[in-house]
Amino acid sequence: MNPDVLDIAAHVRSRLAASAESLGIPTTTFVLDRPKDAAHGDVGLGCFPFAKALGKSPVEIAKELAASVTPDEVIESATAVGPFVNLRYRREALAESVVRGVLEGAAPYGQWAHEDKCVVIDFSSPNIAKPFHVGHLRSTVIGAALRRVYSHCGWRVEGINHLGDWGAQFGKVIVAWRRWGSDEDLERAPMRHMFEIYVRFGQEAPNDPSLQEEASAAFRALESGDDNEERAIWRRLREVSLKAFQGPYTRLCVEFDHVTGESFYEDKMKATVRQIEEAGITTLSEGALVVEVDGMPPCILRKTDGTTIYATRDLAGLFYRRDTYGFDRALYVVGAEQRLHFRQLRAVLERLGWPQAAQVEHIDFGLILFHNPDTGRWEKGKTRDGNAIFLSEVLDEAVANARRIIEDKNPELADKEAVAEAIGVSAIVFNDLKNSRVKDVKFDWEEMLTFEGETGPYVQYAGARLASILRKAGGAPTGPVAWQALADADSVLLTMLEYGPTLQRVLDKNEPSILTGLTTRLASSIHSYLREHHVLSAEPEIREARLALVAAARKLLDNGLSLLGMTSPEEM
RNA sequence: GCGCCCGUAGCUCAGCUGGAUAGAGCGUCGGCCUUCUAAGCCGAAUGUCCCAGGUUCGAGUCCUGGCGGGCGUGCCA
């Protein structure tokens with residue numbers, strides 16, 4: 001933290017710890033949190049865990065501890081309420097610490113100090129044989145958010161788009177292209193066309209066994225390494241797809257540090273397999289080279305037909321990442337249906353004796369479910385007519401909705417199109433990041449296009465109101481601020497104070513929804529505050545203090561949203 | 001069959017390392033725009049935290065066993 005700005009949370013923690021120590025209380029198990037009832041105080045500490053060690057009741061300990069924490073420039077009071085010690089910040093200390101902390105970009109509000117830690121995040125990783133549909137949204141959006149949060153918190157981050165650009169499916173793609181591909185259609189609607197011929201392959205294969213054989217042969221030819229016809233087709237289709245993906249990535253503000261697909265490991269696979277063989281943990285089983293793992297099906301390294309499988313490529317990727325980046329954490333933002341695969345990978349690493357095996361984590365997330373009106377249930381995979389919903393359609397629909405609402409609510413708005421894009425796209429991102437990862441997401445147009453309540457636009461709207469006040473005031477105050485004037489803003493300030501711990505929890509659990517929740521609560525406290533407290537018409541001293549608060553809240557909201565991959569329009 | 005995940009208000013979900021009276025949004029009902037954006041605010045009603053045991057001073061949270069749903073389960077990713 002900026003040495004000029006006092007970190008009041010740390011201050012309270014150390015004051016409490018000092019008092020606790022003098023009473024013989026072990027401070028390792030300190031759990032400070034915000035009391036459920038705000039009337040109790042700003043920070044609470046339950047004394048239950050100390051009772052056994054001290055041989056006293058929690059109530060008694062709370063009383064003693066509260067008595068030993070004397071007020072100072074930060075702590076207004078420490079009171080025992082039953083078994084809890086509750087502290088109250090001095091309002092001016094709270095306001096100054098938070099508002100200056102944010103405005104001056106001090107950690108944890110601004111960039112955290114660089115740590116010598118590296119995280120490798122594998123996310124998005126679309127299969128380039130298939131269109132970029134809504135199913136890819138989750139990995140993309142969750143991974144991109146994690147990438148930014150880790151970076152904000154001082155980690156070195158290697159965000160990798162591990163494209164699905166290799167594997168047996170490309171045999172099918174190549175054959176489908178040879179039979180039904182059209183240059184003209186590929187030019188006009190590349191993803192649509194590739195999807196169509198891929199689907200056609202799936203439809204015709206059951207009636208025509210030669211297709212499947214041809215596909216296997218094509219992948220063998222591709223994997224042979226020769227510069228043959230198969231490779232030329234593969235290269236061309238890969239390029240076209242990659243270009244087509246750039247559209248959604250740009251709209252979603254998603255960036256990667258490396259775009260290295262499975263094909264990147266083509267020439268590293270042999271060495272990987274050899275290393276694992278040399279470790280003596282492989283066996284030959286039913287014609288395939290496998291690693292047996294406890295309580296699970298074996299992990300296959302080389303199929304009976306001699307070609308590799310995704311496990312081989314993921315292992316090659318892990319070897320590469322370890323050697324190249326020396327990661328402390330390796331995250332795979334991949335759907336929950338691949339849990340077994342990642343448990344197998346980790347088990348292989350453990351058998352290899354990797355010390356960092358436990359740091360290889362599958363960041364799993366739930367499925368996107370579609371409503372089936374025939375069964376009345378939510379089901380995996382397809383929409384009713386069997387068509388995949390393209391991500392760009394979803395974004396377009398949300399933007400169109402934003403456009404309609406702007407026309408209705410704020411028709412005078414300048415630059416409507418850009419604002420509609422910002423609102424629509426962010427609404428989709430927010431919708432995907434608002435619940436915990438593991439929950440399945442029900443694909444519901446109505447819910448996604450709702451802009452009221454706990455939604456992206458709700459949070460953006462709070463930011464736009466703040467921005468509007470700042471605009472009218474001509475900016476944030478520059479002179480000294482009468483912090484005590486913000487005594488009535490504690491709900492906003494205390495919520496802002498949670499920013500640091502929230503980011504820490506996002507990292508601990510690899511769970512962006514925790515941050516989404518904070519932005520919602522911050523927006524909510526802002527909306528309420530603005531209703532009760534007028535800024536521009538207040539007495540000069542109060543007006544200046546409130547402006548400082550408004551500037552800080554706006555900035556923090558903006559920071560939080562950009563970490564999530566959302567934009568905050570100045571007006572909406 | 002086995003493994004893993006989920007089960008909290010009518011619906012969608014929060015609930016942090018077990019701790020204070022289980023909370024939001026949507027929907028319902030009732031208020032609030034001659035003051036900085038009503039995409040908003042305020043209020044009301046709404047609970048067998050799936051069930052049964054157990055551990056604990058204390059369980060929505062931990063353990064065991066059920067029930068319901070989902071995903072996966074050897075050469076797709």
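Annotations
- Per-residue HN-Hα couplings for region A:212-217 [Karplus 6.51, -1.76, 1.60; θ = phi - 60°; Hz; x = Gly/Pro]: 4, 4, 4, 5, 4, 4
- Counting DSSP beta bridges with both ends in region A:64-194, the antiparallel % (nearest 5): 50 percent
- Within straight-line cross-link reach of A:Lys172, lysines at Cα separation under 27 Å, skipping those fewer than 8 residues along the same chain: A:Lys130, A:Lys243, A:Lys268, A:Lys270, A:Lys303, A:Lys380, A:Lys382
- Semi-axis lengths, largest first, of the ellipsoid equivalent to region A:468-547 are 29, 13, 12 Å, with √(5λ) applied to each eigenvalue of the Cα gyration tensor.
- FRET efficiency, 1/(1 + (r/R0)^6) with R0 56 Å, evaluated for A:Glu350 and A:Glu447 via beta carbons: 0.85
- Inter-label distance, nm, simple model (7 Å from Cα along the C-beta direction), A:Arg322/A:Lys56: 5.1 nm
- Per residue accessible area of chain A, 1.4 Å probe, in Å²: 45 Å²
- If you sort the three axes of the alpha carbon gyration tensor as a ≥ b ≥ c, you get a/c of 1.5 or more for chain A and a/b no higher than b/c, which makes it oblate.
- An oblate overall shape is assigned to region A:212-346, the ratio a/c of its alpha-carbon gyration tensor axes (a ≥ b ≥ c) being 1.5 or greater and a/b not exceeding b/c.
- Difference of contour (0.36 nm per residue) and Cα-Cα distance, A:Ala17 to A:Ala189: 55.5 nm
- C-alpha long axis of helix A:269-278 to longest principal axis of chain A, angle in °: 80 degrees
- Once the Cα atoms are used to define both axes, helix A:169-180 deviates from the longest principal axis of chain A by about 60 degrees.
- Sparsely packed loop sites in region A:407-470 (the trypsin sites (Lys or Arg not before Pro) outside DSSP H, G, I, E and B with at most 16 other Cβ atoms within 10 Å) comprise A:Lys439.
- Theoretical FRET efficiency, 1/(1+(r/R0)^6), r = Cβ-Cβ of A:Arg236 and A:Ser216, R0 22 Å, to 0.05: 0.55
- Cα-based helix-to-principal-axis angle, A:91-103 vs chain A, degrees rounded to 10: 40 degrees
- For A:Lys434, no residue has an amide H sitting under 5 Å from its own, ignoring neighbours fewer than 5 places away on the same chain, with H placed 1.01 Å from N.
- The distance between label points at A:Leu413 and A:Ala336 comes to 3.5 nm (points 7 Å beyond Cα on the Cα→Cβ vector).
- Couplings for region A:141-155, taken from phi via the Karplus curve 6.51 cos²θ - 1.76 cosθ + 1.60 with θ = phi - 60°, read 6, 5, x, 5, 5, 4, 4, 6, 5, 4, 5, 4, 8, x, 7 Hz in order; Gly and Pro are left as x.
- Residues with amide H under 5 Å from that of A:Glu361, placed H, sequence gap 5 or more: A:Ala330, A:Leu331, A:Tyr332
- Note on chain A: helix-only mean residue ellipticity at 222 nm, from DSSP H runs of 4+ residues weighted -39500 (n - 2.57) and normalised by residue number, equals -16500 deg cm²/dmol.
- Sequence-ordered 3J(HN,Hα) estimates for region A:451-463 from the Karplus curve with 6.51, -1.76 and 1.60 and θ = phi - 60° stand at 10, 10, x, 6, 9, x, x, 4, 6, 4, 4, 4, x Hz, glycine and proline given as x.
- Taking amide H positions as modeled 1.01 Å from N, with prolines and chain starts lacking one, the residues under 5 Å from A:Lys442 and 5 or more places away or on another chain are A:Leu369.
- Beta bridge orientation in chain A: antiparallel %, DSSP, nearest 5: 55 percent
- Length released on extending from A:Ala10 to A:Ser182, taking residue separation times 0.36 nm less the Cα-Cα span: 55.5 nm
- Projecting label points 7 angstrom from Cα along Cα→Cβ for A:Leu32 and A:Glu229 puts them 7.1 nm apart.
- Share of carbon and sulfur in the accessible heavy-atom surface of chain A [1.4 Å probe, %]: 49 percent
- Extension gain for the segment A:His534 to A:His114, taken as residue separation times 0.36 nm less the Cα-Cα distance, is 147.2 nm to one decimal.
- Cα gyration tensor shape for region A:103-240, rounded if a/c is under 1.5, else prolate or oblate: prolate
- Dimensions (Å) - region A:8-89, Cα atoms, principal axes, largest first: 31, 24, 19
- Counted by Cβ distance under 13 Å from A:Leu470, the other residues give a net charge of +3, where Lys and Arg count +1 and Asp and Glu count -1.
The values are calculated or read from the model by the stated rules, or taken from the named source; none is laboratory data. It should be emphasised that the depicted structure is a prediction, and the values quoted were computed from it without experimental measurement. All Cβ positions, glycine included, derive from the backbone under ideal geometry; neighbour counts span all protein chains shown. Protein only, heavy atoms only, side chains kept; ligands, DNA and RNA dropped before computing areas. Shrake-Rupley method; radii C 1.70, N 1.55, O 1.52, S 1.80 Å.
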